[in-house]
Amino acid sequence: MNLTQFFSQHASEILQATLEHVWLVGATMLLAVAIGVPLGIIVARKPWLSKPILGSANVAETIPSLALLGFLLPVPWLGDRADRLTITALTLYALLPIIRNTAAGISGVDPAVREAARGMGLTGRQILFQVELPLSISTILAGVRVATVLTIGIATIAAAVGAGGLGEFIFRGLAMVNDQLILAGAIPAAILALGADFILSIMERVMRPAR
Amino acid sequence: MSDAANSEASGEIVIEFRGAGYHLPDGQALLSNISFTARRGETLVLLGRSGAGKTTALRLINRLADPSEGEVLIEGRKTVEWDPIALRRHIGYVIQETGLFPHYTVEKNVSLVPRLAGWPELRVRTRAQELLALVGLDPGIFLKRYPHELSGGQRQRVGVARALAADPPILLMDEPFGALDPLTRAEIRAEFQALQKRLRKTIVVVTHDTSEALLLGTRIALLEAGDLKGLYSPREFLHSNEPAAAAYAAQLHTLEEFERER
């Protein structure tokens, strides 16, 4: 049986796993952006908090993914459901690039522009939402793009704790020494990663403020 | 400080420095014990070299910094008693590099403050057109452009238009014509003088250019290393015997002599 036949025969299963994968990655990215962007803003605004925040995100990044899932398993509410557990672990990985790029984007805003905004009587909040965030949006999106591609890859590990996704095929294929099964997980995952990269890079370009 | 210089303007006092100074956290004084007043409708020029404390003095006026000693009063009220946001909306601010928002069109740049102040949409739009016309830019051409599509001189005009947007009674300008080539600068300067004749704002201009100070100022405050060396009318400044002022005047005389000898 060749690969094409295999894919067409198992199309619905592969689609199912792909959707699970997309859900895991999507939920992770929403959470990571919701946490990472505010943290990045804090890093840019409060230099004394930047070391502890970036340091912690860095440490999370260095823990091997399988081990991280293992560490989180005994945590009461998290360990109850596999997808909860996975999304938490993935979010921890996704944070660093988002925090770093948000901070870089905001610190990179031309001081003259910020000074003008203050001098015009914009409040701190108005400066953030009308000036700083719009001007750093493409840098932030670049961080989101890196984090998304990273997460799509790491999310295959989720199958190890039974959270589903494309990793299912890969783990099964490894256990059964079946290349086709492995590819049934790996190829859609690669396509997802490339697609996300492509779409986000377009968004990044569109949002980049003209200079 | 001479009496003639003080009596020249007759409006009420709008800006008053009372022994005001500003120190960095490490104790270095950027400005110390400055006292002067600016009356309604006058153009006060803060003249001095880089690092003389001119910009710091401006920042004390719109509360981008609070004085570490003495006080600054705007319309009779100490700046520290003003709500900083309300104070800044009361004062137009034009900075050196214009600080236009690169992600906003000229129209959005110019109308941001009126919009934040809650003006009705129609009035905001009319105002934007009015302002561009006021600074000599065709609204039909320029409203939809982005700052990077403008020349330096055009950007500077938009900067002035933006500062005037909500019709503030006070205008602060930090080296507003500094980044322009000499011809454009002369042109915009002349337009600015005509504009000031019509608007009668209280204006504080920072510059290091002597001829600019003489042309624009109704009075000149000479700053050196954070100290106020004197307040002069342009005429007094030119003929002053005080060494600090004479140095600037001498530089101008040199130019004149050069021209005569050629």
task: Could you give the size of the charge dipole of chain A about its Cα centre, using +1 on the Cβ of each K and R and -1 on the Cβ of each D and E, expressed in debye and rounded to the nearest 20?
output: 840
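For chain A, what number results from the quotient of the Cα radius of gyration and 2.2 N^0.38 Å?
This ratio for chain A stands at 1.19.
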- line: Mean Cβ-within-10 Å packing, highest first, puts peptides B:222-230, A:161-169, A:9-17 in the order A:161-169, B:222-230, A:9-17
Equivalent ellipsoid, the stretch B:42-93 (semi-axes from 5 times Cα gyration tensor eigenvalues, Å): 19, 13, 10
message: Please compute, for peptide B:51-57, the average count of beta-carbon atoms on other protein chains lying within 10 Å of each residue's beta-carbon.
response: 0
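Output needed for the stretch B:105-262: three equivalent-ellipsoid semi-axes, defined as square roots of 5 times the C-alpha gyration tensor eigenvalues, in descending order, whole Å.
35, 18, 12
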- prompt: If you place +1 on the Cβ of every Lys and Arg, -1 on the Cβ of every Asp and Glu, and leave all else neutral, what size is the dipole of the stretch A:85-150 about its Cα centre, to the nearest 20 Debye?
  reply: 80
Cα lying deepest toward the dipole's positive end in the stretch B:155-235, options B:ALA165, B:LEU228, B:GLY178, charges on Cβ: B:ALA165
query: From the residues B:PHE36, B:ILE13, B:LEU112, which one has its Cα farthest along the dipole of chain B in the positive direction, the dipole being from +1 and -1 charges on Cβ of Lys/Arg and Asp/Glu about the Cα centre?
result: B:LEU112
task: Place a +1 charge on the Cβ of each Lys and Arg in the stretch B:77-192 and a -1 charge on the Cβ of each Asp and Glu, then give the dipole magnitude about the Cα centre in debye, rounded to the nearest 20.
output: 320
field: Packing rank of A:36-44, A:19-27, B:239-247, where each peptide gets the mean count of other beta carbons within 10 Å, highest leading
entry: A:36-44, A:19-27, B:239-247
- prompt: Considering the stretch A:162-211, what Rg and Dmax in Å follow from its alpha-carbon atoms?
  reply: 16.4, 55
query: Do the sum for chain A: with -39,500 (n - 2.57) for every DSSP H run of n ≥ 4, divided by all residues, what is the mean residue ellipticity at 222 nm, to the nearest 500 deg cm²/dmol?
result: -26000 deg cm²/dmol
Spatially proximal aspartates and glutamates relative to B:LYS108 (Cα-Cα < 13 Å; intrachain offsets below 8 disregarded): B:GLU121
query: If one computes the Cα centroid of the stretch B:30-51 and of the stretch A:164-197, what distance in Å separates the two points?
result: 71
- prompt: So, in Å, what gap is there between the alpha-carbon centers of the stretch B:81-121 and the stretch A:1-42?
  reply: 44
field: Mean Kyte hydropathy of 0.0 or more with a Cα span along the axis of at least 20 Å, helices from DSSP in chain A
entry: A:11-45, A:47-62, A:82-107, A:133-154, A:179-207
Partner chain coverage, peptide A:90-100 - average Cβ within 10 angstrom: 0
Average beta carbon contacts from partner chains per residue of B:146-156, 10 Å cutoff: 1
Set of lysines near B:LYS54 by C-alpha distance (under 20 Å), chain-local residues within fewer than 8 positions excluded: B:LYS78, B:LYS201, B:LYS229
task: With a 10 Å radius around each residue's Cβ, average the other Cβ atoms per peptide and rank B:45-58, A:112-125, highest first.
output: B:45-58, A:112-125
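Since every read-out is calculated from the coordinates, none of them should be taken as a lab result. Because the structure is a prediction, the values reported are computed rather than measured. Positions of Cβ are generated from backbone atoms using ideal geometry, with glycine treated the same way; all protein chains shown enter the neighbour counts.
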